[in-house]
Amino acid sequence: MTKSVYEIWLSTADNKERLRLPVLPSSVGLSIGNKNESIDISNLGEVTVIQEPSPKTVQFSSFFPAKSTPLVEYSSFPKPWDAIQRIEKWQKSKKPLRLVVTKTKINIPVSIDSFNYQEEGGAVGDISYDLSLKEFKFVSVRKIKVKVPKKPKRPNPKPKPRTHTVKSGDTLWDLARKYYGNSLEWRKIWNANKAMMVKRDKRNLKQPGHWIYPGQRLVIK
(Lines give C-alpha, C1' and ligand atoms only; values in the text may rest on other atoms or scores of the structure.)
Protein backbone atom coordinates (compact mmCIF):
# COMPACT_ATOMS: atom_id res chain seq x y z
CA MET A 1 0.00 0.00 0.00
CA THR A 2 1.34 3.42 -0.96
CA LYS A 3 2.83 5.33 1.96
CA SER A 4 3.81 8.59 0.22
CA VAL A 5 2.19 11.01 -2.17
CA TYR A 6 5.33 10.75 -4.28
CA GLU A 7 6.18 8.01 -6.73
CA ILE A 8 9.38 7.79 -8.74
CA TRP A 9 9.19 5.97 -12.05
CA LEU A 10 11.73 5.10 -14.70
CA SER A 11 10.43 3.84 -18.02
CA THR A 12 11.49 3.29 -21.60
CA ALA A 13 10.46 5.88 -24.16
CA ASP A 14 7.65 3.64 -25.44
CA ASN A 15 6.53 2.96 -21.82
CA LYS A 16 6.60 -0.81 -22.41
CA GLU A 17 9.08 -1.33 -19.57
CA ARG A 18 8.65 0.50 -16.28
CA LEU A 19 10.27 0.46 -12.87
CA ARG A 20 8.89 2.16 -9.82
CA LEU A 21 11.41 2.68 -7.04
CA PRO A 22 10.28 0.59 -4.09
CA VAL A 23 12.08 2.79 -1.55
CA LEU A 24 12.06 6.55 -2.04
CA PRO A 25 15.42 8.30 -1.73
CA SER A 26 15.79 10.70 1.17
CA SER A 27 16.37 13.50 -1.35
CA VAL A 28 16.51 14.08 -5.09
CA GLY A 29 19.14 16.49 -6.30
CA LEU A 30 18.43 18.42 -9.49
CA SER A 31 21.03 20.77 -10.92
CA ILE A 32 21.13 22.98 -13.98
CA GLY A 33 24.52 24.06 -15.21
CA ASN A 34 25.53 26.41 -17.96
CA LYS A 35 28.17 26.62 -20.60
CA ASN A 36 28.99 30.28 -20.26
CA GLU A 37 32.46 31.20 -21.49
CA SER A 38 34.68 33.95 -20.14
CA ILE A 39 36.95 35.60 -22.66
CA ASP A 40 39.70 38.02 -21.69
CA ILE A 41 39.77 40.69 -24.40
CA SER A 42 42.63 43.11 -24.51
CA ASN A 43 41.66 46.61 -23.29
CA LEU A 44 38.11 45.45 -22.47
CA GLY A 45 38.70 43.02 -19.64
CA GLU A 46 36.77 39.82 -19.09
CA VAL A 47 33.68 39.33 -21.24
CA THR A 48 31.12 36.59 -20.53
CA VAL A 49 29.46 34.93 -23.48
CA ILE A 50 26.12 33.52 -22.35
CA GLN A 51 25.28 30.13 -23.83
CA GLU A 52 22.26 27.85 -23.65
CA PRO A 53 21.82 26.13 -20.24
CA SER A 54 23.33 22.67 -19.90
CA PRO A 55 20.98 19.69 -19.54
CA LYS A 56 19.54 19.09 -16.07
CA THR A 57 21.24 16.49 -13.89
CA VAL A 58 19.23 14.40 -11.42
CA GLN A 59 20.99 12.43 -8.68
CA PHE A 60 19.67 10.29 -5.84
CA SER A 61 20.56 7.29 -3.71
CA SER A 62 18.39 4.55 -2.27
CA PHE A 63 18.27 0.76 -2.09
CA PHE A 64 16.37 -2.17 -3.52
CA PRO A 65 15.01 -4.21 -0.59
CA ALA A 66 15.07 -7.98 -0.41
CA LYS A 67 12.14 -8.02 2.04
CA SER A 68 9.21 -5.79 2.78
CA THR A 69 9.86 -3.18 5.46
CA PRO A 70 8.05 -0.02 6.60
CA LEU A 71 10.18 1.89 4.05
CA VAL A 72 8.86 -0.05 1.05
CA GLU A 73 6.25 1.95 -0.87
CA TYR A 74 4.25 -0.84 -2.49
CA SER A 75 3.79 -4.60 -2.61
CA SER A 76 4.98 -6.86 -5.43
CA PHE A 77 8.21 -4.85 -5.70
CA PRO A 78 10.98 -6.37 -7.87
CA LYS A 79 13.74 -8.49 -6.45
CA PRO A 80 16.94 -6.46 -5.98
CA TRP A 81 18.96 -8.18 -8.69
CA ASP A 82 16.03 -8.06 -11.13
CA ALA A 83 15.88 -4.28 -10.68
CA ILE A 84 19.66 -3.97 -11.03
CA GLN A 85 19.70 -6.00 -14.23
CA ARG A 86 16.86 -3.97 -15.71
CA ILE A 87 18.65 -0.68 -15.12
CA GLU A 88 21.90 -2.10 -16.50
CA LYS A 89 20.06 -3.31 -19.60
CA TRP A 90 18.64 0.16 -20.13
CA GLN A 91 22.07 1.67 -19.68
CA LYS A 92 23.61 -0.65 -22.28
CA SER A 93 20.80 0.00 -24.76
CA LYS A 94 21.99 3.63 -25.09
CA LYS A 95 18.38 4.71 -25.49
CA PRO A 96 16.68 7.50 -23.54
CA LEU A 97 14.40 6.79 -20.60
CA ARG A 98 11.76 8.90 -18.91
CA LEU A 99 11.94 9.97 -15.27
CA VAL A 100 8.68 10.87 -13.57
CA VAL A 101 8.32 12.06 -9.99
CA THR A 102 4.63 12.36 -9.22
CA LYS A 103 3.31 15.51 -7.54
CA THR A 104 6.27 17.44 -8.98
CA LYS A 105 7.19 18.96 -12.32
CA ILE A 106 9.88 16.35 -12.91
CA ASN A 107 8.79 14.52 -16.06
CA ILE A 108 11.74 14.54 -18.39
CA PRO A 109 13.56 12.28 -20.84
CA VAL A 110 16.88 11.18 -19.40
CA SER A 111 19.93 9.06 -20.06
CA ILE A 112 21.78 7.09 -17.40
CA ASP A 113 24.96 8.99 -16.65
CA SER A 114 26.23 6.62 -13.93
CA PHE A 115 24.88 3.72 -11.92
CA ASN A 116 26.75 2.30 -8.92
CA TYR A 117 25.49 -0.31 -6.49
CA GLN A 118 26.64 -2.57 -3.68
CA GLU A 119 25.10 -5.08 -1.30
CA GLU A 120 24.24 -3.65 2.09
CA GLY A 121 26.32 -4.98 4.93
CA GLY A 122 23.64 -4.83 7.61
CA ALA A 123 20.60 -6.00 5.63
CA VAL A 124 21.23 -9.28 3.85
CA GLY A 125 20.01 -9.17 0.26
CA ASP A 126 19.40 -5.42 0.10
CA ILE A 127 21.33 -3.60 -2.61
CA SER A 128 22.06 0.09 -2.24
CA TYR A 129 22.68 2.23 -5.32
CA ASP A 130 23.58 5.69 -6.52
CA LEU A 131 21.93 6.81 -9.75
CA SER A 132 22.84 9.85 -11.81
CA LEU A 133 20.61 10.83 -14.71
CA LYS A 134 21.11 13.52 -17.31
CA GLU A 135 18.34 15.25 -19.22
CA PHE A 136 18.19 13.93 -22.78
CA LYS A 137 17.82 16.41 -25.60
CA PHE A 138 16.09 15.07 -28.69
CA VAL A 139 17.69 16.31 -31.87
CA SER A 140 15.39 16.89 -34.80
CA VAL A 141 17.09 16.60 -38.15
CA ARG A 142 16.03 19.34 -40.49
CA LYS A 143 15.48 18.13 -44.00
CA ILE A 144 16.96 20.32 -46.67
CA LYS A 145 15.84 19.93 -50.23
CA VAL A 146 18.83 19.95 -52.47
CA LYS A 147 18.18 20.66 -56.10
CA VAL A 148 20.37 18.32 -58.04
CA PRO A 149 21.44 19.92 -61.29
CA LYS A 150 20.39 18.04 -64.34
CA LYS A 151 23.13 16.35 -66.22
CA PRO A 152 23.89 18.25 -69.38
CA LYS A 153 22.84 16.48 -72.50
CA ARG A 154 25.70 14.86 -74.27
CA PRO A 155 26.28 16.56 -77.58
CA ASN A 156 25.34 14.49 -80.55
CA PRO A 157 28.59 13.63 -82.33
CA LYS A 158 26.69 13.46 -85.58
CA PRO A 159 25.60 16.90 -86.72
CA LYS A 160 21.96 17.17 -87.65
CA PRO A 161 21.72 17.19 -91.44
CA ARG A 162 20.51 20.34 -93.10
CA THR A 163 17.54 20.32 -95.38
CA HIS A 164 16.50 22.45 -98.29
CA THR A 165 12.99 22.79 -99.64
CA VAL A 166 13.14 23.00 -103.39
CA LYS A 167 11.88 26.18 -104.95
CA SER A 168 11.05 26.87 -108.55
CA GLY A 169 14.26 27.26 -110.58
CA ASP A 170 16.49 25.32 -108.14
CA THR A 171 19.06 22.90 -109.54
CA LEU A 172 21.47 20.56 -107.79
CA TRP A 173 24.29 22.50 -109.44
CA ASP A 174 23.11 25.78 -107.86
CA LEU A 175 22.44 24.17 -104.50
CA ALA A 176 25.94 22.63 -104.39
CA ARG A 177 27.45 26.07 -104.97
CA LYS A 178 25.23 27.56 -102.26
CA TYR A 179 25.94 24.95 -99.55
CA TYR A 180 29.40 23.66 -100.46
CA GLY A 181 30.83 26.57 -102.36
CA ASN A 182 31.48 24.31 -105.36
CA SER A 183 28.93 23.42 -108.01
CA LEU A 184 30.86 20.25 -108.83
CA GLU A 185 29.79 18.81 -105.44
CA TRP A 186 26.20 18.37 -106.71
CA ARG A 187 26.59 14.56 -106.51
CA LYS A 188 26.68 14.83 -102.70
CA ILE A 189 23.11 16.09 -102.81
CA TRP A 190 22.18 13.49 -105.44
CA ASN A 191 23.57 10.59 -103.42
CA ALA A 192 21.84 11.76 -100.23
CA ASN A 193 18.45 12.04 -101.93
CA LYS A 194 18.71 9.53 -104.80
CA ALA A 195 15.96 7.15 -103.65
CA MET A 196 13.43 9.95 -103.10
CA MET A 197 14.18 11.68 -106.39
CA VAL A 198 14.03 8.45 -108.44
CA LYS A 199 10.74 7.51 -106.78
CA ARG A 200 9.35 10.92 -107.73
CA ASP A 201 10.58 10.79 -111.32
CA LYS A 202 12.14 7.71 -112.95
CA ARG A 203 13.91 9.96 -115.48
CA ASN A 204 16.43 10.71 -112.75
CA LEU A 205 17.94 7.25 -113.43
CA LYS A 206 19.20 8.43 -116.82
CA GLN A 207 19.73 12.05 -115.88
CA PRO A 208 20.75 11.99 -112.18
CA GLY A 209 19.28 14.87 -110.23
CA HIS A 210 18.00 16.70 -113.23
CA TRP A 211 14.35 16.27 -112.31
CA ILE A 212 13.55 17.98 -109.02
CA TYR A 213 10.29 19.62 -108.08
CA PRO A 214 9.22 22.54 -105.85
CA GLY A 215 8.25 21.38 -102.37
CA GLN A 216 10.67 18.46 -102.26
CA ARG A 217 12.84 18.46 -99.12
CA LEU A 218 16.44 17.62 -99.91
CA VAL A 219 18.95 16.49 -97.30
CA ILE A 220 22.15 18.53 -97.44
CA LYS A 221 24.95 16.57 -95.72
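Points to keep in mind about this one:
- In the condition set (1) open to solvent by 60 Å² or more (accessible area, probe 1.4 Å); (2) not in a helix (DSSP H, G or I), PRO208 is compliant with all but (1).
- Among (1) within 48 Å of the chain's Cα centre (by Cα); (2) free of Cβ contacts under 8 Å to residues at least 24 places away in the same chain, the one test that ARG177 misses: (1)
- Here SER61 qualifies as open to solvent by 40 Å² or more (accessible area, probe 1.4 Å) and modelled with pLDDT of 85 or more.
- Scanning the stretch 195-208 for residues that are over 19 Å from PRO161 (Cα atoms) and in contact with a Leu (Cβ under 9 Å, 6 or more places away or on another chain) gives VAL198, PRO208.
- Looking across the stretch 170-221, the residues that are touching a strand residue (DSSP E or B) at 6+ places or on another chain (Cβ under 9 Å) and hydroxyl-bearing (Ser, Thr, Tyr) come down to TYR179, TYR180.
- Identity of the residue in the stretch 180-194, without any contact (Cβ under 8 Å) to a residue 12 or more places away in the chain and open to solvent by 80 Å² or more (accessible area, probe 1.4 Å), that ends up nearest to LYS160 (Cα to Cα): ASN191
- Checking every residue in the stretch 131-145 against the condition of being assigned to a strand (DSSP E or B), touching a strand residue (DSSP E or B) at 6+ places or on another chain (Cβ under 7 Å), closer than 30 Å to PHE77 by Cα and open to solvent by 90 Å² or more (accessible area, probe 1.4 Å) gives zero matches.
- The residue pairs whose first member lies in the stretch 76-96 and is part of a helix (DSSP H, G or I) and modelled with pLDDT of 95 or more, whose second member is basic (Lys, Arg) and open to solvent by 30 Å² or more (accessible area, probe 1.4 Å), and whose beta carbons are closer than 6 Å, counting only pairs six or more residues apart or on different chains, do not exist in this structure.
- Subset tally (residues that are surrounded by 13 or more Cβ atoms within 10 Å (Cβ to Cβ) and among the hydroxyl-bearing types (Ser, Thr, Tyr)) for the stretch 167-179: 2
- Residues within the stretch 96-108 that are in contact with a strand residue (DSSP E or B) (Cβ under 7 Å, 6 or more places away or on another chain) and surrounded by fewer than 15 Cβ atoms within 10 Å (Cβ to Cβ), tallied: 1
- Scope the stretch 101-130; condition within 17 Å of SER26 (Cβ to Cβ), assigned to a strand (DSSP E or B) and among the charged types (D, E, K, R); matching residues: ASP130
- Selection status of LYS67, modelled with pLDDT under 90, of a type in the set (Lys, Arg) and exposed (fewer than 13 other Cβ atoms within 10 Å of the Cβ): no
- All of (1) surrounded by 12 or more Cβ atoms within 10 Å (Cβ to Cβ); (2) out of contact with any Phe, Trp or Tyr (no Cβ under 6 Å at 6 or more places or on another chain); (3) outside any strand (DSSP E or B) hold for HIS164 with one exception: (3).
The values are calculated or read from the model by the stated rules, or taken from the named source; none is laboratory data. Just so it is clear, the model here is predicted, and its values are computed rather than measured. Don't worry about glycine lacking a Cβ; one is built from the backbone with ideal geometry, like all the others, and counts go over all protein chains shown. Note: areas computed on protein heavy atoms with side chains; ligands, DNA, RNA excluded. Shrake-Rupley method; radii C 1.70, N 1.55, O 1.52, S 1.80 Å.
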